[in-house]
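Notes follow once the structure below has been shown.
The values are calculated or read from the model by the stated rules, or taken from the named source; none is laboratory data. Since this is a predicted model, take the numbers as computed values, not measurements. FYI the Cβ positions are ideal-geometry reconstructions off the backbone, even for glycines, and counts take in every protein chain you see.
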Amino acid sequence: MTESARQTLLTIEGLTKAYPGVVANDDVSFAIGEGEVHALLGENGAGKSTLVKMIYGLVRPDAGRMVLRGAPFAPPQPSAARAAGVAMVFQHFSLFEALSVAENVALGMEQAPKQRELAARIAQVSEDYGLPLDPYRLVGDLSAGERQRVEIIRCLLQDPKLLIMDEPTSVLTPQEVAILFDTLRKLAAEGTAILYISHKLEEIRALCDAATILRRGKVVATCNPREQTARELAEMMVGATLATPSRAEATPGAAVLEIGGLTVTPANPFGTALRDITLTLRAGEVMGIGGVAGNGQDELLAALSGETRTEPGAIRLKGKPIGDAGPNARRALGLLCAPEERLGHAAAPDMTLIENATLTATIRKGLVSGGFVRWPAARRFAEEVIATFDVRTPGPEVAARALSGGNLQKFVIGREVMQSPEVLVVNQPTWGVDAAAAAAIRQAILDLAAQGAAVIVISQDLDEIMEVADSFAALNAGRLSAPVATQGLTLERIGLMLGGAHGMHEADLDEAHRHSHPEGAA
Amino acid sequence: MIRLERRPTPSRFWTGATPVLAVIATMIAGGILFAALGKNPVEAIRTIFWDPLFGQFASYSRPQLLVKAAPLILIAVGLSFGFRAGIWNIGAEGQYIIGAIFGAAMALAFYPMDAVIVFPLMVLAGAAGGLAWAMIPAVLKIRFNTSEILVSLMLVYVAGHILSAMAFGALRNPEGMGFPGSRNLQQYPAAHNAELIAGSGLHWGTVTAFLAVIVAYVVMQRHILGFQIRVAGEAPRAARFAGVNPARLTAICLGTSGALAGLAGLFEVSGPSGQITPDFASGYGFTAIIVAFLGRLNPLGILLAGLLMALTYIGGELAQLTLALPAAAIQAFQGMLLFFLLAFDMLSNFRIRIGRPEGAQ
């Protein structure tokens, strides 16, 4: 199907939506053709979510209009949008873990058919679109990728004309992404339009026919992403030239952190057990630990930060056993951490930046003398972090929750980096952070390593790991693979290291096809 | 349509203004309540808030203000530590009783010896008693993760039974002709917590309460312990990440509030009350919870809140006497104060918007 031959499916004209203090969408116009895969690109807060919520009937626009297949389209609620042929797969799934796939799908339907009939239809759709899924399995037993397939199949059963996908690949391994893309291409070939929201530029270049780029609520460009480089797209998104993190040639020094046979049973029933984790980290080395969320990342960080205590000898810092040491004892020795969750874990939401700077810096910055906090020194440290890491805030007296995600993350990373750690462990350092802030954070990590510190970057973002890390290890169901050098490592190889327990290889696909008969329950 | 919108940063103005607003709202709602009971609302409010300070019998009721406020402030300051950290000691009343029993027992053990050391030993015993009683929920929480709310509350009733047992048994006055109750410590000079200035209502308990306010203020604002308490209350995970040991914090917070409640009991039994009787417990430990929140868990706020609460106590008694208001109405009035305070509290974190509702999720 060529661009010109396409019938226009949805036209958006001058959509505007304002919230108190911010215009989320300002006069947004673009069109999507039938069978087109259209990317909606923008940083966090650019207005992507508001826009698709208006299309899906969750938010009503203040001004502007939409036309769907020649008829005015103003859905007052999602059911009206669904009736008109618009379906959406959200970033966060709304599934009940204790119910089976078919039962979950039935819950979302206005008039659900009988279970047996529905299961047959699910099996049919899953076969047609190459999305292996057993309708009788419990959702609780499914991987994140499989759960996403439940959501997609739920949408496909409505036979949608427009499928909206919000950051669909953030929870997938590269192999799962490949399967998803095959499905989406197949759908598009059948004439279904897809509105694909993402900030992963390479994916968009691989998949999408057209891209609309939003910045601060406005359409700043419409282009064919295949004709642009990822860098050009990023610069359109940010509206500025981006600095690529630069790294100096590093010669790894002596081993500073040694983990041997680290096994941790989780404190809560939903946690992941860490099994026999072993690694050696050298001075000046950046190790990337990849893996899909929920495979033990949080548990690994807690074991390293001292929130979880282990056998003393399981973790050694410069030869010294520290497995049973608390967080502050480890900080004193030079092991610092930055957890994933900014609000509530890395920082206290309602406390000021001065207080949040004090949170982890009392030891290395000498902010306590004789049991009393030296608040003037704490303020100076907070101001130093704010200035060095370009944290946008009216001042250090502001509550942490008032900062944007990117700014707070810069503050949290800066707080640790500026304490000159010997070993720094960061979990998802640029999760939910805009491109400019992410670049700054990655540069800070590389600079720190160049000064001789060892860094562990736990991240779901493989591009990020490839950008900053010298070595790579995959965390899968609480087990860590043997680290390998990132140089010369392909995404396919990484995907295989990550994929292990998820049953998502192409080979499994054919297998699943054969078994996806309704009676073939697992 | 009225909507609530979360403020990015808590409003300083409303943090200070809500207690004032709560008092005013209590006066209005209380006035309606009194009017419904057939009393003149203006006169009733005036009797409660104005007469104890400036009325006909003010010279009698003003010292009473300090006598009533001291234990409330002392207990509430202790409770504020735990409440800030999310550790809920609801059993200060029990710790108050046990502190009084320990202190009185220490005095009676020395009776009738006249030595300067007796009173300081009583103070130590009172604090130790309250501390020990509070450590029961603390240890159970640390070891078995029990709810300190339930354990400390249930221990109040245990303490009440111990109090009766003591008044009828071990501590009963041998010269009391069989009446329940201990010797009156007011008649034992070495143990008597007398007024420091006659007719002022100022006794050692008042002095300790003021000291506690100052120490608590400094600890909360400047000391690392105060910082850890605040972090633990606002973001428990962040606190653990920052190296705060939850078990240690539980022990410190429950221990401090227990010791201060025990002290309040000791100063009461050796002073205004004078003896251990079956009805020694007067609800200070529960009212102090209201005082702690009314004072926004801030030591200086608690000082003012304690005085205000004491005023409603004395004024309430006065209203019962002069206007024949039922005691239940006075209690409802005091309850309204906490209710309004908690309700208006929302204004410091939210702003009210009036306008079209948003269709968003």
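Given segment B:1-79, what helices (runs of 4 or more DSSP H) lie entirely inside it while holding 1 or more residues that are within 14 Å of chain A (Cβ to nearest Cβ)?
Those helices (runs of 4 or more DSSP H) span B:12-36.
In segment A:116-125, is there at least one residue being touching a helix residue (DSSP H, G or I) at 6+ places or on another chain (Cβ under 7 Å), crowded, with 23+ Cβ neighbours inside 10 Å and over 24 Å from A:Ile55 (Cα atoms)?
yes
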**Prompt:** Going by the conditions given, is B:Thr47 over 25 Å from B:Val291 (Cα atoms) and either touching a strand residue (DSSP E or B) at 6+ places or on another chain (Cβ under 6 Å) or surrounded by 15 or more Cβ atoms within 10 Å (Cβ to Cβ) (or both)?
**Reply:** no
**Message:** If I ask for residues that are at the interface with another protein chain (Cβ under 10 Å from one of its Cβ atoms), surrounded by fewer than 20 Cβ atoms within 10 Å (Cβ to Cβ) and within 32 Å of the chain's Cα centre (by Cα), which ones from segment A:338-378 would you list?
**Reply:** A:Glu341, A:Leu343, A:Gly344, A:Pro349, A:Asp350
**Request:** Just need a number here: residues in segment A:307-357 that are under 18 Å from B:Val231 (Cα atoms) and hydroxyl-bearing (Ser, Thr, Tyr).
**Result:** 1
**Request:** Give B:Arg222, B:Arg237, B:Arg230, B:Arg248 a once-over and let me know the one that is in contact (Cβ under 8 Å) with a residue 40 or more places away in the chain, within 14 Å of another protein chain (Cβ to nearest Cβ) and at negative phi.
**Result:** B:Arg230
**Request:** Could you tell me whether A:Phe389 is modelled with pLDDT of 95 or more and either farther than 20 Å from A:Val417 by Cβ or away from chain B (no Cβ under 11 Å) (or both)?
**Result:** no
**Prompt:** If the Cβ limit is 8 Å and pairs must be 6+ apart or interchain, which residue in segment B:1-16 that is under 13 Å from B:Phe344 (Cα atoms) pairs with which residue that is surrounded by 11 or more Cβ atoms within 10 Å (Cβ to Cβ) and of a type in the set (S, T, N, Q)?
**Reply:** B:Ser11/B:Ser348; B:Ser11/B:Asn349; B:Trp14/B:Ser348; B:Thr15/B:Ser348
**Request:** Hey, can you tell me all the residues within segment A:113-138 that are free of Cβ contacts under 8 Å to residues at least 60 places away in the same chain and assigned to a loop (DSSP other than H, G, I, E, B)?
**Result:** A:Pro113, A:Lys114, A:Tyr129, A:Leu131
**Asked** Quick one: would you say A:Gly64 is among the small types (Gly, Ala, Ser), part of a strand (DSSP E or B) and over 24 Å from the mean Cα position of the chain (by Cα)?
**Response** yes
**Request:** Please name all residue pairs, on different chains or six or more residues apart, with Cβ atoms under 7 Å, provided the first residue is in segment B:52-69 and is farther than 21 Å from B:Thr208 by Cα and the second residue is of a type in the set (D, E, K, R).
**Result:** B:Leu53/B:Arg62
**Asked** part of a helix (DSSP H, G or I), assigned by TED's automatic domain parsing to the domain that holds B:Asn89 and surrounded by 15 or more Cβ atoms within 10 Å (Cβ to Cβ): does that describe B:Gly205?
**Response** yes
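Residue by residue, here is whether (1) part of a helix (DSSP H, G or I); (2) in the same structural domain as A:Glu464 (by TED's automatic domain parsing); (3) among the aromatic types (Phe, Trp, Tyr); (4) more than 15 Å from A:Glu340 (Cβ to Cβ) holds:
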position	(1), (2), (3), (4)
A:Glu397	no, yes, no, yes
A:Gly406	yes, yes, no, no
A:Ile413	yes, yes, no, no
A:Glu416	yes, yes, no, no
A:Pro421	no, yes, no, yes
A:Leu424	no, yes, no, no
A:Trp431	no, yes, yes, no
**Message:** Looking for something touching a helix residue (DSSP H, G or I) at 6+ places or on another chain (Cβ under 9 Å) and more than 14 Å from chain B (Cβ to nearest Cβ) - is there at least one such residue anywhere in segment A:323-337?
**Reply:** yes
**Message:** Just the residues that are touching an Asp or Glu at 6+ places or on another chain (Cβ under 6 Å) and crowded, with 19+ Cβ neighbours inside 10 Å, please, taken from segment B:143-193.
**Reply:** B:Val156
**Request:** Working only within segment A:267-290, note down all residues that are under 23 Å from the mean Cα position of the chain (by Cα) and either part of a loop (DSSP other than H, G, I, E, B) or among the basic types (Lys, Arg) (or both).
**Result:** A:Phe270, A:Gly271, A:Thr272, A:Ala273
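Yes/no per residue for (1) surrounded by fewer than 18 Cβ atoms within 10 Å (Cβ to Cβ); (2) in a helix (DSSP H, G or I); (3) modelled with pLDDT under 90:
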{"site": "A:Gly45", "(1), (2), (3)": "no, no, yes"}
{"site": "A:Thr50", "(1), (2), (3)": "no, yes, yes"}
{"site": "A:Ala87", "(1), (2), (3)": "no, no, no"}
{"site": "A:Leu95", "(1), (2), (3)": "no, no, yes"}
{"site": "A:Ala102", "(1), (2), (3)": "no, yes, no"}
{"site": "A:Gln111", "(1), (2), (3)": "yes, no, yes"}
{"site": "A:Gly140", "(1), (2), (3)": "yes, yes, yes"}
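Can you tell me which residue is farthest from the other protein chains (Cβ to nearest Cβ) among those in segment A:291-322 that are in a strand (DSSP E or B) and not aliphatic (A, V, I, L, M)? Steps first, answer last, please.
First, the residues of segment A:291-322 that are in a strand (DSSP E or B): A:315-317, A:320-321.
Remaining after also requiring not aliphatic (A, V, I, L, M): A:316, A:320-321.
Working: A:Arg316: 20, A:Lys320: 18, A:Pro321: 18 Å.
In this case the residue turns out to be A:Arg316.
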**Item:** Residues that are buried (at least 24 other Cβ atoms within 10 Å of the Cβ) and in a helix (DSSP H, G or I), drawn from segment B:217-248
**Value:** B:Phe227, B:Ile229, B:Val231, B:Ala232, B:Ala238, B:Ala239, B:Phe241
**Request:** Count, please, the residues in segment A:404-448 that happen to be among the charged types (D, E, K, R) and closer than 18 Å to A:Ala347 by Cα.
**Result:** 3
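Could you look through segment A:434-486, keep only residues that are assigned to a loop (DSSP other than H, G, I, E, B) and polar (S, T, N, Q), and pick out the one that is surrounded by the most Cβ atoms within 10 Å (Cβ to Cβ)? I'd like the intermediate steps shown before the answer.
Within segment A:434-486, the first condition is being assigned to a loop (DSSP other than H, G, I, E, B), and the residues that meet it are A:434, A:451-453, A:460-461, A:469-470, A:477-478, A:481-483, A:486.
Remaining after also requiring polar (S, T, N, Q): A:451, A:460, A:481, A:486.
Working: A:Gln451: 12, A:Gln460: 21, A:Ser481: 18, A:Thr486: 18.
Going through the qualifying residues, I end up with A:Gln460.
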**Request:** Report the residue count in segment B:109-167 for those that are aliphatic (A, V, I, L, M), in a loop (DSSP other than H, G, I, E, B) and either outside the structural domain of B:Thr250 (by TED's automatic domain parsing) or in contact (Cβ under 8 Å) with a residue 40 or more places away in the chain (or both).
**Result:** 3
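Name the residue that is farthest from B:Ala242 (Cα to Cα), counting only residues in segment A:394-413 that are buried (at least 16 other Cβ atoms within 10 Å of the Cβ), within 11 Å of chain B (Cβ to nearest Cβ) and touching a residue at least 12 places away in the same chain (Cβ under 8 Å). Give the derivation first.
Looking only at segment A:394-413, we keep the residues that are buried (at least 16 other Cβ atoms within 10 Å of the Cβ), and these are A:396, A:398-413.
Right, trim to within 11 Å of chain B (Cβ to nearest Cβ) and you get A:398-404, A:412.
If we keep only those that are touching a residue at least 12 places away in the same chain (Cβ under 8 Å) as well, we get A:398-401, A:403-404, A:412.
Details: A:Val398: 20, A:Ala399: 18, A:Ala400: 16, A:Arg401: 18, A:Leu403: 20, A:Ser404: 22, A:Val412: 13 Å.
The selected residue is A:Ser404.
Report those helices (runs of 4 or more DSSP H) wholly inside segment B:276-361 carrying at least 2 residues which are away from every other protein chain (no Cβ under 14 Å), small (Gly, Ala, Ser) and under 23 Å from B:Leu266 (Cα atoms).
On the way: elements: B:284-294, B:299-323, B:327-349.
Helices (runs of 4 or more DSSP H) meeting the threshold: B:284-294, B:299-323.
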